[in-house]
Amino acid sequence: MTEDVIRYFRNRGLSVWGINRANKSQASEMIEMGVAGVVSHDPKEVHELLAAYPEKSITQPPMVMAHRGIPSLKPENTMYAFEEAMKLGVEIIETDVHKTKDGHLVLIHDFDLERTTNGTGKVKDFTLKELRELNANKLDPANPSWYQPEITDAVIPTMDELLEAAKGKAVVILEAKGIGYEKEMAKVIKEHDMVEDVIVSSFSSEVLERFAKFNPELGLGFTLSGTKPKEQLEQYAEKQITDAVQLNAQYYINHQIVTPELIRFAKHRGIILTVYTVNEEADMKRATEAGVGGIITDYAQKLYNTQILP
């Protein structure tokens, strides 16, 4: 086992535990490499090792996930944004998948075109050719500093384009924005020989179950939003993490509603818990110190260019 092997599996949603059959030194090495847990014949010894670390020590830094590429630097969900993320060294890219009127899979977050393009109407009502004629670089009033007026040829990309560009360079999280085209997505992923390097995600357990049916080898991500519970936090955490365990999925949760109980329940059950969308440096630091498994952000460059990550 090496640090690189652990990182490889974690990037693909798999929690790695070490088995300590030798001595305290071996257990210490595994902890330093970033295992999620240690299976030992002497649990007391491992507890003593962990207790010796300074408070808030991080042996397993969170994975950095580029939300829609890096929209703070390039137009969101375009090849410009995805390529910028890979250029920076981001190992995981998150994006959103819709199906066009003529059956193509394209990458855009909203169901409507207005926010990110110069078009109007629903994505599903346009053919791929019609969508490709639109300018996918539009000033977003909510984030005016992101606008890159010099980019005049940004278009809505296809899922094929991203998988081709990311192959051998990054893991891709594909969030299915609708229901009913899981089979097509699974087929395209397999055609690109990217089953090992793609995680499909959804807010819907039904969608994830359909993905598992069409290709059981695909990694799954279960996404949760909602409101933060005010009481019965243990019961809430147990229910949410049990749902993820039953789906055999990692867990994506809005950072504003994550609780220490959720993080603890996830870790003890081998579930990687990722928070989204974390854009303020103070929140990034807080999430890192809380022990989350991953951080989805519009500002991946902040996590790489500052001392937030250990």
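Exactly one condition in (1) over 17 Å from residue 173 (Cβ atoms); (2) in contact with a Gly (Cβ under 7 Å, 6 or more places away or on another chain); (3) surrounded by 21 or more Cβ atoms within 10 Å (Cβ to Cβ); (4) not basic (Lys, Arg) is false for residue 272; which is it?
Unmet condition: (1).
Quick one: which helices (runs of 4 or more DSSP H) sit completely within the range 202-300 and have at least 2 residues that are within 15 Å of the chain's Cα centre (by Cα)?
The qualifying helices (runs of 4 or more DSSP H) are 281-290.
Can you find even one residue in the range 88-111 that is assigned to a helix (DSSP H, G or I) and within 18 Å of residue 164 (Cβ to Cβ)?
No, because not a single residue in the range 88-111 is assigned to a helix (DSSP H, G or I) and within 18 Å of residue 164 (Cβ to Cβ).
Could you check how many residues of the range 1-26 are over 22 Å from residue 247 (Cα atoms) and touching an Asp or Glu at 6+ places or on another chain (Cβ under 7 Å)?
So the answer is 1.
Residues in the range 163-173: is at least one in contact with a Ser or Thr (Cβ under 7 Å, 6 or more places away or on another chain), modelled with pLDDT of 95 or more and either acidic (Asp, Glu) or assigned to a helix (DSSP H, G or I) (or both)?
No, the range 163-173 contains no residue that is in contact with a Ser or Thr (Cβ under 7 Å, 6 or more places away or on another chain), modelled with pLDDT of 95 or more and either acidic (Asp, Glu) or assigned to a helix (DSSP H, G or I) (or both).
I'd like the full set of residues that are of a type in the set (D, E, K, R), surrounded by 14 or more Cβ atoms within 10 Å (Cβ to Cβ) and over 30 Å from residue 98 (Cα atoms), limited to the range 35-76.
45
Would you mention how many residues in the range 51-78 are touching a strand residue (DSSP E or B) at 6+ places or on another chain (Cβ under 9 Å) and not in a loop (DSSP other than H, G, I, E, B)?
So the answer is 5.
Among the residues of the range 179-199, is there at least one that is farther than 20 Å from residue 14 by Cβ, among the hydrophobic types (A, V, I, L, M, F, W, C) and over 18 Å from the mean Cα position of the chain (by Cα)?
Checking the range 179-199: at least one residue is farther than 20 Å from residue 14 by Cβ, among the hydrophobic types (A, V, I, L, M, F, W, C) and over 18 Å from the mean Cα position of the chain (by Cα).
Quick one: which residue in 85, 81 is surrounded by 23 or more Cβ atoms within 10 Å (Cβ to Cβ) and touching a helix residue (DSSP H, G or I) at 6+ places or on another chain (Cβ under 7 Å)?
85
Here is a list of conditions, (1) at pLDDT below 95; (2) in a helix (DSSP H, G or I); (3) closer than 22 Å to residue 276 by Cβ, and residue 145 meets all of them except one; can you say which number that is?
The one condition residue 145 does not meet is (1).
The values are calculated or read from the model by the stated rules, or taken from the named source; none is laboratory data. Everything quoted here is computed from the prediction, not taken from an experiment. FYI the Cβ positions are ideal-geometry reconstructions off the backbone, even for glycines, and counts take in every protein chain you see.
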